[in-house]
Amino acid sequence: MPAKKQVEIFTDGACSGNPGPGGYGVILRYKGINKELSGGEPSTTNNRMELTAVITGLSALKESCDVILYSDSKYIIDAVQKGWAQKWQSNGWMRNKKEPALNPDLWEKLLELLKVHHVEFVWVKGHAGHPENERCDQLAVQQSQKYRT
C-alpha cells in the first residue's frame with residue numbers, strides 16, 4: 001500500500017465582534033506548493049470561524065492524508081487532543097448535565113474528517129510572527145471585512 005501523502009495545513013479564524021462578521025483563512029502545503037482558501041459569514045463567532053478553517057482545510061484533501069495542522073486555537077486543539085469533543089458527542093452534545101456544547105454542527109463535521117485523515121495538531125501562538133499564521137489571519141480579516149457595514 002503506498003504511503004499517505006504528507007500535507008501541512010495552517011488555519012486561522014477572525015471575527016469583528018463576537019458574534020459579528022467573520023472570516024477564515026487556510027493554507028494547504030504539499031511538496032512545497034501552497035494553496036490558499038478563505039471565506040466568511042456576515043454573523044458568526046470566532047470559534048465558528050476557527051472550526052470552519054480547520055474543516056475547510058481537511059475537506060479540501062481528495063484522499064486520506066497524514067496531516068500536520070497548525071492552529072492558534074486552543075479551543076480546537078484541546079477539544080480534540082483531550083477528547084472533549086468526542087465526549088460531548090457521546091453525551092448528545094452536552095458539555096455537562098446543564099451546558100450544551102457549542103457548535104455541534106461543526107464539531108460533527110470535524111470528527112468525521114478526523115476519521116478520514118491522520119491529523120497531528122500543533123498549536124502556534126497567534127499574532128507572534130509565525131509567517132503562515134499571519135497570512136491566514138490576513139485572509140480571515142479580509143473576508144470578515146466584506147461583511148462590515
Task: Per residue solvent-accessible surface (Å²) - the chain, probe of 1.4 Å - done: 54 Å²
Task: Ratio of the Cα radius of gyration of the chain to 2.2 N^0.38 Å, where N counts its residues - done: 1.03
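With the Cα gyration tensor of segment 15-93 in hand, convert its eigenvalues to equivalent ellipsoid semi-axes via √(5λ) and list them largest first in whole Å.
Numbers: eigenvalues 96, 77, 22 Å².
Semi-axes from the Cα gyration tensor: 22, 20, 10 Å.
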- [ ] Return a whole-number percent for the relative contact order of the chain, with Cα pairs under 8 Å and 6 or more residues apart as the contact set.
- [x] 34 percent
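Assigning unit charges at the beta carbon (Lys, Arg +1; Asp, Glu -1) and nothing else, what dipole magnitude in debye, to the nearest 20, does segment 1-80 show about its Cα centre?
280 debye
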- [ ] Give, rounded to the nearest 20 debye, the magnitude of the charge dipole that the chain has about its Cα centre when Lys and Arg contribute +1 at Cβ and Asp and Glu contribute -1 at Cβ.
- [x] 220 debye
- [ ] Rank Gly40, Val119, Ala85 by how far each Cα sits towards the positive end of the charge dipole of the chain (+1 on Lys, Arg Cβ; -1 on Asp, Glu Cβ) and give me just the farthest.
- [x] Ala85
Task: segment 34-58-segment 88-140 distance, computed between alpha-carbon centres (Å) - done: 10 Å
Task: Accessible surface of the chain, 1.4 Å probe, proportion on carbon and sulfur as whole % - done: 53 percent
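The values are calculated or read from the model by the stated rules, or taken from the named source; none is laboratory data. Only a predicted model underlies this, so the values are computations on that prediction, with no experimental measurement involved. As a convention, Cβ positions derive from the backbone with ideal geometry for all residues, glycine included, and neighbour counts pool all protein chains shown. Heavy atoms of the whole protein, side chains included, go into the accessibility calculation; ligands, DNA and RNA do not. Shrake-Rupley method; radii C 1.70, N 1.55, O 1.52, S 1.80 Å.
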